[in-house]
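Worksheet for the structure shown next.
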Amino acid sequence: MSAVVQECRNCRSLLFPARLFCPVCGEDSFSTVAAETGTIEQTTTLSDGIVLATVALDGGLRLIARLTGSEAEPGQSVPLTNDPVAGSGANAYIPIHTTLNEDQS
Amino acid sequence: MTVSIIGTGQSPYTRHPHPGTETSQVIARAVRNALREAGLSPGDVDGFAVSSFTLNPDHAIDLAWRMGLRLTWLMQDTNGGASAGGMLQHAVRAIEAGDAKVIVLAAGDLMDGPAFSQLVASYNRATQDHLAPLPMKGPNALFAMLTTRQMEVLGLTREDYGHIAIAQREWAADNPGAVYRKALTMDEYLNAPAVATPLGRYDCVPPVTGADAIVLVADPGNSRPRAKVLTVRASYNADQQAGDGLETGLRACAQPGWEEAGIGPKDVGLACVYDDYPSMVVAQLADLGVLPADDHPADFIKRRIATRELPVNTSGGQLSAGQAGAAGGMHGLVEAARQLMGTAGARQISVRHAVVSGYGMVLYRYGACATMSVLEAAK
Ligand SMILES: [Zn+2]
């Protein structure tokens, strides 16, 4: 299980959502990489019970996720997924559009 | 800088617009009211700028045409909560450069239920692809998590934010244009239905339909009450969304802004900061230096804001007056100009300098646009 993020081919910065130029080095050549896990930094519970979270990857990239499956707390490491109906245990769901990185080879 | 605001106008904020109400009508009414206050007619206007999320399929030129304006300067701004400062920045330069003599800046939206849902679902590509499908309906959840971060870093509690909301509601009691005017108690604030923990109902702005406008001219000299623009600064995408959102672009605006204004943050008698959430009031006051770095934020809120020693958002702010879409950014500018021109009615304070900030356009995790303006009363 993993979630896709963008990686700059030049400086290896991880980016999400996808950029056009790398904000770190200015290059415009990217690849897509799979991020496996992230650490929950904050969560918020919405009025309908949905729990959203800010999840940090190693290196500092932060993603906004919905926590699915069993409960998880700030500080906890969770598997990342682009699948809203991922398997058992706590997961962090990151929605992507199917055309993400469509122009990148 | 030699440009002044000589008129302000609003279209009354309402949670329930009459069926058939159009954005263009709402904006035109604010423009009409601002021109009346300035003692001018549409024929006197040669510059116009507008910001709106719901003007489609029309643009600034359609609106100008339908208002009968003949112009030598025209712009449309798309930066929501930061649009007023952005338009002001351009307009001041346009007047200084001689491109126009009388400029009207306007912002407004028809923000009923369907318009609001549409706006928050398709705010930008990142929202459409990565936030709306979570599902997330609007920015409350993002600012809930930002508020949690700020509580941890600054040692703030929900009560501290409550004092901000309650103080603004007290100001709103004297603003007939505010949609919420009844006193708010701490109990009501703390026990309000949760929207996105830790945010409750009174941490969030009520969407309203309405519009705001101002009239700008080259400084007319000692002839009339006016609000002189001492500085306008803008910052866009200061941190590439790679930070925690607790600092806004205002941090970069502050030093050059105060320098150009010729006064410091301690000299302002009024702060109108973009209050989409109480935590953002704290963040912006801190970035501007109005909340000094060596002061304790919780103490500052109780000692200075709650007591009105430092008037903050004297219209009630968007938290009490309502957020009329893109007019949210113009709201504080209009209020500051009114206080400086002596037209604030029952909530009028005695004030010479005001700072106004704009903030907005959530790209993915928090707002990327910020503007700072400093105004001075003159007559
Ligand atoms: Zn790079």
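The values are calculated or read from the model by the stated rules, or taken from the named source; none is laboratory data. Here the structure is a predicted model, which is why all the values come from computation and not from measurement. Reconstructed Cβ throughout: ideal geometry from the backbone, glycine too, with neighbour counts over all protein chains shown.
Worth pointing out:
- Pairs where the first residue, in segment A:8-21, is among the charged types (D, E, K, R) and the second is within 8 Å of the ligand (Cβ to nearest atom) and part of a loop (DSSP other than H, G, I, E, B), C-beta under 8 Å, 6+ apart: A:ARG9/A:GLU27
- In segment B:299-349, the residues that are among the hydroxyl-bearing types (Ser, Thr, Tyr) and within 15 Å of B:ILE5 (Cβ to Cβ): B:THR343
- Where B:VAL282 falls short, out of the listed (1) assigned to a loop (DSSP other than H, G, I, E, B); (2) within 30 Å of A:PRO23 (Cβ to Cβ): (1)
- Test for B:ALA172: is it out of contact with any Ser or Thr (no Cβ under 9 Å at 6 or more places or on another chain) and either within 14 Å of chain A (Cβ to nearest Cβ) or buried (at least 17 other Cβ atoms within 10 Å of the Cβ) (or both): no
- Any chance B:ALA194 is surrounded by fewer than 23 Cβ atoms within 10 Å (Cβ to Cβ), at pLDDT 95 or above and not polar (S, T, N, Q): yes
- Scan of segment A:8-56 for residues that are assigned to a strand (DSSP E or B), more than 14 Å from chain B (Cβ to nearest Cβ) and within 9 Å of the ligand (Cβ to nearest atom), ordered by number: A:PHE30
Here's the yes/no breakdown for (1) over 25 Å from B:THR127 (Cβ atoms); (2) over 19 Å from the mean Cα position of the chain (by Cα); (3) crowded, with 18+ Cβ neighbours inside 10 Å:
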residue	(1), (2), (3)
B:LEU288	yes, no, yes
B:PRO292	yes, yes, no
B:PHE300	yes, yes, yes
B:ARG308	yes, yes, no
B:GLY317	no, no, yes
B:THR371	no, no, yes
